[in-house]
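**Student:** One structure, as structure tokens, below. Some questions next.
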Amino acid sequence: QVQLVESGGGLVQPGGSLRLSCAASGSIFSINVMGWYRQAPEKQRELVATIASGGRTNYVDSVKGRVTISRDNAKNAVYLQMNSLKPEDTAVYYCYGDITYVRGRGYERNDYWGQGTQVTVSS
């Protein structure tokens with residue numbers, strides 16, 4: 001099967017920076033889109049940023065100019081560099097992958113999520 005494991009969350013002061021990492025493992029054949037979502041208390045999960053296998057990126061308006069998503073296809077990894085963090089960025093951040101994996105003699109494609117990593121922006 002496939003697993004996504006995140007790291008890099010924590011507590012940071014407003015204006016600070018954090019870098020989140022996520023690595024996919026398992027019988028992976030290919031990964032199409034990877035991305036990051038977040039969920040703040042009592043709010044719905046929302047898209048933060050996505051990156052396609054070819055490198056095209058997409059960001060939610062609230063993080064544009066402050067956040068950069070990147071990926072290392074050789075490592076099946078995706079990263080989120082977050083700068084100028086604000087208290088409203090506080091949330092659990094989830095890694096996402098649209099992954100095709102080997103199953104038996106064929107392939108299957110599914111959406112996968114990491115377990116989440118807490119980001120808290122507070123003084």
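**Student:** List the residue pairs whose Cβ atoms are under 9 Å apart, where the first residue sits in the range 69-96 and is within 16 Å of Gln3 (Cα to Cα), the second is assigned to a loop (DSSP other than H, G, I, E, B) and open to solvent by 40 Å² or more (accessible area, probe 1.4 Å), and the two are 6 or more positions apart or on different chains.
**Tutor:** Asn73/Ser53; Tyr94/Arg45; Tyr94/Gln115; Cys95/Gln115
**Student:** Out of the residues in the range 46-69 that are surrounded by 15 or more Cβ atoms within 10 Å (Cβ to Cβ) and not hydrophobic (A, V, I, L, M, F, W, C), state the one that is farthest from Asn110 (Cα to Cα). Please lay out each step first, then the result.
**Tutor:** In the first step, residues of the range 46-69 are kept if they are surrounded by 15 or more Cβ atoms within 10 Å (Cβ to Cβ); the result is 48-52, 59-60, 63, 66-69.
Still in the running and not hydrophobic (A, V, I, L, M, F, W, C): 50, 59, 66, 68.
Numbers: Thr50: 16, Tyr59: 22, Arg66: 30, Thr68: 25 Å.
Applying the filter and picking the extreme gives Arg66.
**Student:** On the given criteria, is Val63 more than 11 Å from Ala24 (Cα to Cα) and either over 14 Å from the mean Cα position of the chain (by Cα) or at pLDDT below 95 (or both)?
**Tutor:** Details: more than 11 Å from Ala24 (Cα to Cα): yes; either over 14 Å from the mean Cα position of the chain (by Cα) or at pLDDT below 95 (or both): no.
So Val63 fails the test.
**Student:** May I pose another question? Take Val48 and decide whether it is assigned to a strand (DSSP E or B), over 23 Å from Gly15 (Cα atoms) and of a type in the set (Val, Ile, Thr).
**Tutor:** Here the answer is no, as Val48 does not meet what is asked.
**Student:** Then there's this: Just give me the residues in the range 79-99 being surrounded by fewer than 17 Cβ atoms within 10 Å (Cβ to Cβ) and more than 11 Å from the chain's Cα centre (by Cα), in sequence order.
**Tutor:** Asn83, Ser84, Lys86, Pro87, Glu88
**Student:** Report whether or not Ser30 is under 16 Å from the mean Cα position of the chain (by Cα), surrounded by fewer than 18 Cβ atoms within 10 Å (Cβ to Cβ) and touching a residue at least 24 places away in the same chain (Cβ under 8 Å).
**Tutor:** So Ser30 fails the test.
**Student:** Look at Ser21 and say whether it is of a type in the set (Gly, Ala, Ser), touching a Gly at 6+ places or on another chain (Cβ under 6 Å) and either in contact (Cβ under 8 Å) with a residue 60 or more places away in the chain or not in a loop (DSSP other than H, G, I, E, B) (or both).
**Tutor:** Details: of a type in the set (Gly, Ala, Ser): yes; touching a Gly at 6+ places or on another chain (Cβ under 6 Å): yes; either in contact (Cβ under 8 Å) with a residue 60 or more places away in the chain or not in a loop (DSSP other than H, G, I, E, B) (or both): yes.
Yes.
The values are calculated or read from the model by the stated rules, or taken from the named source; none is laboratory data. None of the values given here were measured: they were computed from a predicted structure. Please note: Cβ atoms are built from the backbone with ideal geometry, for glycine as well, and neighbour counts cover all protein chains shown. To get the accessible areas, we keep the full protein, side chains included, count just its heavy atoms, and leave off ligands, DNA and RNA. Shrake-Rupley method; radii C 1.70, N 1.55, O 1.52, S 1.80 Å.
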